[in-house]
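For reference, the structure discussed in these notes is given below.
The values are calculated or read from the model by the stated rules, or taken from the named source; none is laboratory data. Keep in mind the model is a prediction, meaning the values are calculated, not measured. Cβ coordinates were reconstructed from backbone atoms using ideal geometry, including for glycine residues, and neighbour counts include every protein chain displayed. Just so you know, the surface numbers come from the protein's heavy atoms only, side chains and all, with ligands and any DNA or RNA stripped out. Shrake-Rupley method; radii C 1.70, N 1.55, O 1.52, S 1.80 Å.
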Amino acid sequence: MSYDKNNIFAKILRGEIPCNKVYEDEHVLAFKDIRPQAKVHALVIPKGAYVSAQDFGETASEQEIAAFHRAVAKVAKDLGVADTGYRLIANAGAHGHQEVPHYHVHILGGQPIGKMVNLP
Ligand code: AMP
């Protein structure tokens, strides 16, 4: 799947639409989800043009991958869920129900998140 430069997160990265930013560095941006599904719900995205977790894992540099995971841990700590716990979700592709085709991880916490998977 090729990268769609007009996806909503690409627009956020270009500053064309606003976001509620919680973290930024050279490789990573994190912001609050616009439709939160838990008391804490943030999204962490790489700045590079990666479609999905699969694309990121296969083609991103080691530096980008390291920066991404460091950022996830930092955001979790900054948002106050590192000690109480949280769930990371990376929806990928059709069966993963990925809606925005720019790789992102959801951080969900601030309350018990329930069981891991709800099949339809
Ligand atoms: P996914 O199904 O993993 O692709 O989830 C995409 C997420 O992006 C959803 O939780 C949306 O609420 C969120 N989202 C969509 N547009 C925006 C936006 N402009 N700012 C913040 N979050 C957004």
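Structure data summary
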quantity	calculated
Normalised contact order of the chain, rounded percent, pairs of Cα under 8 Å and 6 or more residues apart	30
Positive-pole candidate from Y86, G48, A60, dipole of the chain, charges at beta carbon	Y86
Within the accessible area of the chain (1.4 Å probe), percent carbon and sulfur	52
Using a Förster distance of 22 Å, the FRET efficiency for E24-E58 (Cβ separation, nearest 0.05)	0.35
Top of H69, H102, H41 by mean-square fluctuation, Gaussian network on the chain, Cα under 10 Å	H69
Dipole magnitude of the stretch 8-109, debye to nearest 20 (Cβ charges: Lys/Arg +1, Asp/Glu -1, about Cα centre)	400
Whole-number accessible area per residue in Å² for the chain, which is evaluated in the context of all protein chains at 1.4 Å	64
Alpha-carbon centroid distance for the pair the stretch 101-120 / the stretch 1-72, whole angstrom	16
Exposed-site-free run, longest, the chain (rule: GluC sites (Glu not before Pro); DSSP loop; at most 12 other C-beta within 10 Å)	27-98
